[in-house]
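The values are calculated or read from the model by the stated rules, or taken from the named source; none is laboratory data. Computed from a prediction, not measured in an experiment: that's the story for all the values here. Cβ placement follows ideal geometry from the backbone for every residue including glycine, while neighbour counts extend to all protein chains displayed. These area figures cover heavy atoms from the full protein model, side chains too; ligands, DNA and RNA do not enter into them. Shrake-Rupley method; radii C 1.70, N 1.55, O 1.52, S 1.80 Å.
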Amino acid sequence: MKKTILFLLLLSFVCKAQSPETKKDDTAAKLKITIKGLFQARYSFNNDKDIDLTGLHHTDSLAVYNGFDIKRARLLFASKISDRTEVVLLVNLADFKNDPKNKVLENAYLTYKLSNYINFKIGQFRPAFGLENMYSVDVIKSMDYSNQYSAFGSNGWQSFQIGASVYGTIKGEHTINYALSVVNGNNRNQVMDADNGKQFSSRMDLLLNKKYNLKAGLNGAIGSVYKSDVYAAGIDLSGVLPFSEKWSLLFEAEAKQGNNHVLFYKTPVANRIQNVSQYQMQGMYFLPDLRYDVNYHRLTSLEFSCRYEYFDPNFKNNSNPRQTFTPMISAEFLKSYNARIQLGVIIDRYKKNSIETTQYSNEQFIIQIQSRL
């Protein structure tokens, strides 16, 4: 019996000695997932009780002209799976308040960094076209993106699109950032492209002055939509002028023009005027933002801005330009806009008011709170 036990112990020792050591999987240990988020809630009311919160004019006195709303409830997941590769997911849970089809999922892409000069991106993302596509809405200096941003987004040039991009940076005294993108152009979360055409866009911004972070951007795009040739182009300028240790003025300006092919194809064939080239939109905005760094307890800064916009969705054959003034006061708490309270008013003025449409002059007052995770 003793010999049997001794033999089994010896056999166990030999097997353990001969078995290769299991190497630790360092890959799993190195993987890190970063989770961030954004919460925006607001109370809005229209000065005109016949215009609802979407801007739609009513003649039946049934307009819902005030109310609370969760504007955004975003969660961002980012994982650097190697020293060159990163995966990013961004969802907006506030989109569940309406029909979530083609919504909720905003960003879903993979980036591969070959060098500072060449990087690749594929998935669903905001292609580099226009100044407003270059930063997130939580750091915007106004109540929301501009009117032209929404219009160029619905036409496939801005906002979230599905496609691929190559981009990079050439550093120097005048640093250059560039990007080339190709997208389906029929917006986010689609089963497939709406046609066989693709939309190509490009952006290059040049650092003109490092002290004032003065940058100039050039944007150009071409594409094919249902076998019709379309285009878009734009220029922008941004910078910061420091007046003293506590006072500074941030400014940005942008102008764009392009085909409004969404409007063309939504128009019944019998009512269309010639071809898509006759349906063009143009717009510009100027946004000055005066910042005072308070740094008192948890109050970081106070900001005073007033964006002016001009946008015409169909200036060639049915012009009805919209001018928008957005004065706003913002109080920043903590740092990096981790907590923020905004008070502003969106003042819309149309050249021609159209009853029972959204093309009707109005003033909408907004109180918004924001918190970043």
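In region 243-260, of all residues being among the aromatic types (F, W, Y) and over 21 Å from the mean Cα position of the chain (by Cα), the one that is least open to solvent (accessible area, probe 1.4 Å) corresponds to W247. Close contacts from region 295-321, counting a first residue that is closer than 18 Å to V139 by Cα and a second that is open to solvent by 10 Å² or more (accessible area, probe 1.4 Å) and small (G, A, S), with Cβ to Cβ under 6 Å and a gap of 6+ residues or different chains, come to L302/A331. Restricted to region 279-296, and to residues there that are of a type in the set (A, V, I, L, M, F, W, C) and open to solvent by less than 20 Å² (accessible area, probe 1.4 Å), the residue that is nearest to the chain's Cα centre (by Cα) is L287.
Taken together, the residues in region 297-347 that are part of a strand (DSSP E or B), open to solvent by 40 Å² or more (accessible area, probe 1.4 Å), over 30 Å from I273 (Cα atoms) and among the hydroxyl-bearing types (S, T, Y) amount to 1.
Exactly one residue among A128, A78, A151 is over 30 Å from F365 (Cα atoms), in contact (Cβ under 8 Å) with a residue 60 or more places away in the chain and in contact with a strand residue (DSSP E or B) (Cβ under 6 Å, 6 or more places away or on another chain), and that residue is A128. Checking the conditions here, which among G163, G153 is among the small types (G, A, S) and in a strand (DSSP E or B)? One residue alone meets the criteria, G163.
Looking at I341, I329, just one residue is in contact with a Gly (Cβ under 8 Å, 6 or more places away or on another chain) and closer than 25 Å to Y135 by Cβ, and that residue is I329.
Table: residues versus (1) over 23 Å from the mean Cα position of the chain (by Cα); (2) closer than 30 Å to R340 by Cα; (3) in contact (Cβ under 8 Å) with a residue 12 or more places away in the chain.
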residue	(1), (2), (3)
G217	no, yes, yes
A233	no, no, yes
L241	yes, yes, yes
V262	no, no, yes
A270	yes, no, no
S277	yes, no, yes
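Taking region 145-169 on its own, how many of its residues are surrounded by 19 or more Cβ atoms within 10 Å (Cβ to Cβ) and within 18 Å of C306 (Cβ to Cβ)? Matching residues across region 145-169 total 4. Does at least one position in region 304-311 carry a residue that is within 22 Å of F200 (Cα to Cα) and among the charged types (D, E, K, R)? The answer is no, given that none of the residues of region 304-311 is within 22 Å of F200 (Cα to Cα) and among the charged types (D, E, K, R). Among the residues making up region 134-154, a single one is closer than 13 Å to S330 by Cβ, aliphatic (A, V, I, L, M) and touching a Phe, Trp or Tyr at 6+ places or on another chain (Cβ under 9 Å): V139.
Suppose we keep only residues that are aromatic (F, W, Y) and free of Cβ contacts under 8 Å to residues at least 24 places away in the same chain within region 84-117. Which one would you say is most open to solvent (accessible area, probe 1.4 Å)? So, considering only residues that are aromatic (F, W, Y) and free of Cβ contacts under 8 Å to residues at least 24 places away in the same chain, the one most open to solvent (accessible area, probe 1.4 Å) is F96. When N184 is tested against (1) among the polar types (S, T, N, Q); (2) buried (at least 16 other Cβ atoms within 10 Å of the Cβ); (3) under 13 Å from the mean Cα position of the chain (by Cα), just one condition goes unmet, and that condition is (3).
Residues of region 88-97 that are within 17 Å of Q190 (Cα to Cα) and assigned to a strand (DSSP E or B): L89, L90, V91, N92. Please work out if E309 is of a type in the set (D, E) and in contact with a helix residue (DSSP H, G or I) (Cβ under 6 Å, 6 or more places away or on another chain). For E309, the condition - of a type in the set (D, E) and in contact with a helix residue (DSSP H, G or I) (Cβ under 6 Å, 6 or more places away or on another chain) - is met. The single condition from (1) in contact with a helix residue (DSSP H, G or I) (Cβ under 8 Å, 6 or more places away or on another chain); (2) surrounded by fewer than 18 Cβ atoms within 10 Å (Cβ to Cβ) that G217 fails is (2).
Of G172, G163, G185, which residue is modelled with pLDDT under 95, small (G, A, S) and closer than 25 Å to N259 by Cβ? Unique residue meeting the criteria: G185.
Let's see how each residue does on (1) closer than 30 Å to G172 by Cβ; (2) touching a helix residue (DSSP H, G or I) at 6+ places or on another chain (Cβ under 6 Å); (3) assigned to a loop (DSSP other than H, G, I, E, B); (4) among the small types (G, A, S):
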{"site": "G67", "(1), (2), (3), (4)": "no, no, no, yes"}
{"site": "E86", "(1), (2), (3), (4)": "yes, no, no, no"}
{"site": "D99", "(1), (2), (3), (4)": "no, no, yes, no"}
{"site": "Y112", "(1), (2), (3), (4)": "yes, no, no, no"}
